[in-house]
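Colleague: I have a structure I would like to understand better, so I am pasting it below and will then ask my questions one at a time.
The values are calculated or read from the model by the stated rules, or taken from the named source; none is laboratory data. Just so you know, these numbers come straight off a predicted model, no measurement behind them. Because the Cβ atoms are built from the backbone with ideal geometry, glycine has one as well, and the counts that use them run over all protein chains shown. Accessible surface is based on the protein model in full, side chains and every heavy atom, while ligands, DNA and RNA are left aside. Shrake-Rupley method; radii C 1.70, N 1.55, O 1.52, S 1.80 Å.
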Amino acid sequence: MKTAVITGALSGLAQAVIKSQLEDGYTVFEGDLKFTAPEVMGNEHFFPCDVTSGESIRAFYDYVSSKTDHVDVITNFAGIVILGSFVELPYDTLDRIMDVNMLSTFRINNIFFPLVKAAKGRIINISSEYARITAIPIHGYYPLTKHAVDNYNDALRRELQIHGIKVIGIRPGSFRTNMQGGINHSFDVLLDQTEYYKRFLRRIKFLMTGELKRAKDPSIVAKVYMKALHSRHPRYYYNVRNSFKMKLLTILPAHLQDFIFRLFF
């Protein structure tokens, strides 16, 4: 029996991946905070799981281990975006987004490691295009967490090669998901609340809305995910529809990047 564990299972990207896994014959154990009770439907097992709670993840692990003695692939799709300045939002904002976007991945992989080791399976960590592009004013929290995921991914890959476990990172660009859909609202709220950055936000909004309009279908990520899952020699990272404009900006010297951003202030 091929088995997969997916957390943040009700996210748009996760749902596309789960659909592909089921078509490929996997039994998928799906954890998400919005599930109310364990339930089984065909090859899908649903379990209420809060990825910010080690106790909740441990309960999910106990459930999965009662059904199978191995996990072939594990992935955490849980994530949030917070827009705002490092000096205007409360200091615990970083604690909250780091807890969901990075520490949850660490917790899940740590707790489920025995089942992945038993299968000599794969760990596929979901990063973002923002993990490798320049820092953006007012959008620093999310990229910071994804840089952390990439660094964690590298260290974990090097640690687990002795166990025959492949650790792979996927960096999606802009895709049509609930997270993307909420960014417009978050931007408008921020514009109303900020004291220092109204001018900057008004002038940069067209760039943000342009990127959202170019958001692609999540099935594209699912295809790349399945390639990473099945490839005998997978890449360390798969970059999926990353922004060409942001890649160009990133290769410029830092002083030129700063100059370009100053034009919007």
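Colleague: Please report, as a whole percent, how much of the solvent-accessible surface of the chain comes from carbon and sulfur atoms (probe radius 1.4 Å).
Modeller: On the way: 7300 of 13210 Å².
Whole-percent figure for carbon plus sulfur exposure: 55.
Colleague: Could you work out the percent of alpha carbon pairs in region 1-148 separated by over 22 Å, rounded to a whole number? Intermediate results must be reported in sequence, preceding the final value.
Modeller: Values: 4367 of 10878 pairs.
Value for region 1-148: 40 percent of Cα pairs lie more than 22 Å apart.
Colleague: Then there's this: Taking each pair of distinct Cα atoms in region 116-242 once, what is the resulting Kirkwood hydrodynamic radius in Å? Before the final figure, lay out each step's value.
Modeller: Values: mean 1/r = 0.0611 Å⁻¹.
Final number for the Kirkwood radius of region 116-242 is 16.4 Å.
Colleague: Between Thr36 and His185, what is the label-to-label distance in nm when each label sits 7 Å out along the Cα-to-Cβ direction?
Modeller: 2.1 nm
Colleague: How high is the relative contact order of region 131-265, in percent, with contacts defined as C-alpha pairs under 8 Å that are six or more residues apart? Walk me through the intermediate numbers first.
Modeller: Values: 104 pairs, mean separation 44.9, N = 135.
Reported as a whole number, the value is 33 percent.
Colleague: Pop the C-beta distance of Arg262 and Ile220 into the FRET formula with R0 = 22 Å and round what comes out to the nearest 0.05.
Modeller: Details: r = 35 Å, r/R0 = 1.59.
It comes to 0.05.
Colleague: Moving on. Under a straight-distance cross-link criterion of Cα-Cα below 27 Å, which lysines are reachable from Lys227, leaving out those fewer than 8 residues away in the same chain?
Modeller: Within reach: Lys2, Lys19, Lys67, Lys117, Lys120, Lys146, Lys166, Lys213, Lys216, Lys245, Lys247.
Colleague: I would also like to ask the following. Nearest 20 debye, what's the magnitude of the dipole of the chain about its Cα centre given +1 on Lys and Arg Cβ and -1 on Asp and Glu Cβ?
Modeller: Working: 33 positive and 25 negative charges, 257 e Å.
Dipole magnitude for the chain comes out near 1240 debye.
Colleague: Another question, if that's okay. Can you find, among Thr68, Thr134, Leu144, the residue farthest towards the positive end of the dipole of the chain? Put +1 on the C-beta of Lys and Arg, -1 on that of Asp and Glu.
Modeller: Among Thr68, Thr134, Leu144, the one farthest towards the positive end of the dipole of the chain is Thr134.
Colleague: If you take the Cα Rg of region 51-121 and divide it by 2.2 N^0.38 Å, with N the number of residues, what do you get?
Modeller: 1.36
Colleague: Express in nm, to one decimal, how much length is gained between Met1 and Glu159 on full extension, taking 0.36 nm for each residue of separation and deducting their alpha carbon distance. Could the numbers behind the result be given before it?
Modeller: Working: separation 158, 0.36 × 158 = 56.88 nm, distance 2.66 nm.
Net length gain for the segment: 54.2 nm.
Colleague: How high is the relative contact order of region 45-170, in percent, counting Cα pairs under 8 Å that sit 6 or more residues apart?
Modeller: Working: 178 pairs, mean separation 37.3, N = 126.
Taking the mean separation of contacting Cα pairs over the length of region 45-170, I get 30 percent.
Colleague: Using Cα atoms only, what is the angle between the long axis of helix 219-230 and the major principal axis of the chain, expressed in degrees (0 to 90) to the nearest 10?
Modeller: The angle comes out at about 50 degrees.
Colleague: Same structure, new question: Based on the Cβ-Cβ distance from Tyr63 to Phe244, what FRET efficiency comes out when R0 is 51 Å, to the nearest 0.05?
Modeller: Details: r = 43 Å, r/R0 = 0.84.
Given R0 = 51 Å and the Cβ-Cβ separation, E is 0.75.
Colleague: On to the next question. What percent do you get for the relative contact order of region 101-166 when only Cα pairs under 8 Å and 6+ apart count? Could the numbers behind the result be given before it?
Modeller: Details: 51 pairs, mean separation 27.5, N = 66.
The normalised contact order for region 101-166 reaches 42 percent.
Colleague: Then there is this: What three numbers, in Å, describe the spread of the alpha carbons of region 2-52 along their principal axes, ordered from the longest?
Modeller: Rounded to whole Å, the extents work out to 29, 21, 13 Å.
Colleague: Continuing with this model, one more query. Note the angle between two axes, namely the Cα long axis of helix 104-119 and the longest principal axis of the Cα atoms of the chain, as a number of degrees from 0 to 90, rounded to the nearest 10.
Modeller: So the inclination is approximately 30 degrees.
Colleague: Can you give me the solvent accessible area of Asp92 with a 1.4 Å probe, rounded to the nearest 10 Å²?
Modeller: Solvent-accessible area, nearest 10 Å²: 80 Å².
Colleague: On to the next question. Let me understand the chain better: what is its radius of gyration from the alpha carbons, and its Dmax, in angstrom?
Modeller: Both quantities, over Cα of the chain: 19.0, 58 Å.
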